[in-house]
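Student: Below is the structure I would like to discuss, written out as structure tokens.
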Amino acid sequence: MSVITKPALGSPCWLEIATPDPDATARFYGRLFGWEFDDTTATLFGEPVAGVRRAAEPALGWTPYLATPDIDTTARLATRYGGRIAERLGDKAILLDPTGTAVGLCQCDEGHHFTAGVPGSLVWAELVTWRATLADRFFGAVFDYGQKQFGDGRRFDHMVWYAGEDSVLARVRMALDTPEDVPARWIAQFAVDPDLGFEATVALARRLGARLRFKPYRSTLGRVAVLADPLGTRFALIDPDDTDESEYGSVADDPYDD
């Protein structure tokens, strides 16, 4: 079990989904990943793994929360660079970046626990956006990310963001042939249980009501399937043990070409 208690600045430290039907959402992800629920908090083997909150409409994607030692300072910095605080609740906030995509901020206290990096939990997240350069500049300025391009920067623009030497998130530009009305969103990737396997987990998700959005593809991170849950929120399943270096940077299997 990998439990994050002292996350670095700008690294994912929580994950949340907004849904008009929290009970249905909890049933789906509980059956898919083995989560249990204590009110609005999902747990995996007794440790917090994600949050569920009620909203008027289902979210486009899961919302990652990024760690900060001082949420007020980070909020002011984000505002200076074109962001806007949409909601504030104690040590958490929802930030709209200049591209209009929501991301969370969290000032993690001594008792903070977040399970990640294991089967049934978050292992990676990517911001899929039209305004790639603006997103890179904003998040780089606010969280002091290092950045490295893993695509060709034109046909497939895939920028990985680093907190120190550790890769923490990525930004993917929408494919050029994507319809203009497709909105930006975060795609959270959850690790599959190796005992069940990738194909069986995708099949289980579909039996539970999810829809496969794209043909599964391989990358240096693993084999990935992008789905929409029964209420329409997108997420991904990933098998980190099934990687393919040769397909990284290729447009052939770009999962975000809608």
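Readers should treat all values here as calculations from the given coordinates under stated rules, not as data from a laboratory. Predicted model only: the values in this text are computed from it and were never measured. Because the Cβ atoms are built from the backbone with ideal geometry, glycine has one as well, and the counts that use them run over all protein chains shown.
Student: Order by neighbour count: Val128, Val52, fewest other Cβ atoms within 10 Å first, most last. Show your work: numbers first, answer last.
Tutor: Working: Val128 27, Val52 21.
In order of increasing Cβ crowding within 10 Å: Val52, Val128.
Student: Could you give P(r) for the range 1-93, binned at 5 Å from zero, as whole percent values over all Cα-Cα pairs?
Tutor: Result returned by the calculation: 3, 12, 19, 23, 18, 14, 8, 3, 0.
Student: Please go through the range 158-205 and write out the GluC sites (Glu not before Pro) that DSSP classes as loop and that have at most 14 other C-beta atoms within 10 Å.
Tutor: Glu165, Glu180
Student: Full-extension gain between Glu165 and Asp23, please, as 0.36 nm times their residue separation minus the C-alpha to C-alpha distance.
Tutor: Working: separation 142, 0.36 × 142 = 51.12 nm, distance 3.94 nm.
Using 0.36 nm per residue and subtracting the Cα-Cα distance, I get 47.2 nm.
Student: Under the classification rounded if a/c is under 1.5, otherwise prolate if a/b is larger than b/c and oblate if not, where does the range 194-249 fall, given a ≥ b ≥ c as square roots of the Cα gyration tensor eigenvalues? Mind showing how you got there, number by number?
Tutor: Numbers: a/c = 2.94, a/b = 1.58, b/c = 1.86.
Here the range 194-249 falls in the oblate category.
Student: With the radius of gyration and the Kirkwood radius both derived from the Cα set of the range 123-174, what is their ratio Rg to Rh? Working shown, then result.
Tutor: On the way: Rg = 10.1 Å, Rh = 10.9 Å.
My calculation puts Rg/Rh at 0.93.
Student: Turning to a different aspect of this structure: Which of the three applies to the range 158-222, rounded, prolate or oblate, going by the alpha-carbon gyration tensor with a ≥ b ≥ c and a/c under 1.5 meaning rounded? Let's see the in-between values first.
Tutor: Working: a/c = 2.39, a/b = 1.22, b/c = 1.97.
Oblate is the answer for the range 158-222, as a/c is 1.5 or above yet b/c matches or exceeds a/b.
Student: Counting DSSP beta bridges with both partners in the range 3-115, what percentage is antiparallel, nearest 5?
Tutor: Numbers: 23 of 30 bridges.
Looking only at bridges with both residues in the range 3-115, the antiparallel portion is about 75 percent.
Student: Of all alpha-carbon pairs in the range 11-155, indicate the percentage at a distance above 22 angstrom.
Tutor: Percent of Cα pairs beyond 22 Å in the range 11-155: 44.
Student: Related question: Based only on the alpha carbon positions, what is the Kirkwood hydrodynamic radius of the chain, in angstrom? Before the final figure, lay out each step's value.
Tutor: Values: mean 1/r = 0.0544 Å⁻¹.
Result for the chain, one decimal place: 18.4 Å.
Student: Let me spell out the model: positive unit charges on the Cβ of Lys and Arg, negative unit charges on the Cβ of Asp and Glu, origin at the Cα centre of the range 16-91. What dipole size does that give, in debye rounded to 20?
Tutor: Result for the range 16-91 is approximately 340 debye, rounded to the nearest 20.
Student: Let me ask something else. At 10 °C and 1.306 mPa s, grab the translational diffusion coefficient of the range 122-247 from Stokes-Einstein with a Kirkwood Rh over Cα pairs, rounded to a whole number in µm² per second. Walk me through the numbers on the way to the answer.
Tutor: Working: Rh = 15.5 Å.
The calculation lands on 103 µm²/s.
Student: Then there is this: Among bridges DSSP assigns within the range 107-258, what percent are antiparallel (round to 5)? Kindly include the intermediate steps, with their values, before the conclusion.
Tutor: Working: 26 of 34 bridges.
Here the share of antiparallel DSSP bridges comes out near 75 percent.
Student: Between Ala8 and Asp91, what's the calculated FRET efficiency when r is the beta-carbon distance and R0 is 22 Å? Round to 0.05. Don't jump to the answer; show the numbers that get you there.
Tutor: Details: r = 17 Å, r/R0 = 0.76.
So, using R0 = 22 Å, E works out to roughly 0.85.
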